[in-house]
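Visitor: Would you mind keeping the following structure in view while I ask a few things?
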């Protein structure tokens, strides 16, 4: 509807098909001569409202996944493994990481990547995914100063 309002010359109408639960076609209009005036009518009211937000449809994978597209993989950071005994809490946290290729059609957010791939498609290793959102972490640690 939004396109029809912006470009009314492309409004060629709308076709609505109705079927019952068994898949039988339900006639909405009559094809009988003389009944041309008996046409269905549909009213569409358009109002400004909050825009729909596209939901992130990222993939969650694990180390055994054969997925080559961009995925979020689990990663637990353990500060004791690093020898960071000055961190009191948390001792570990789930960091996760992204890895994989972004398909060309999913790169709308990154115009620079589009241009680089278009200008030199064989000269790049392919776009790699990156996180779109990160969250802060509260930490309690010793300050040895």
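The numbers here are math on the coordinates, done by the rules we state, and not lab data. Since the model is a prediction, treat every value here as computed from it, not as a measurement.
Visitor: How much length, in nm to one decimal, is gained on full extension between residue 142 and residue 24, taken as 0.36 nm per residue of separation minus their Cα-Cα distance? Could you put the intermediate results ahead of the total?
Guide: On the way: separation 118, 0.36 × 118 = 42.48 nm, distance 7.31 nm.
So the extension gain works out to 35.2 nm.
Visitor: Further question: So if each residue of separation counts as 0.36 nm, and I subtract the Cα-Cα distance between residue 67 and residue 82, what length gain in nm does that give?
Guide: Between residue 67 and residue 82, full extension yields an extra 2.4 nm.
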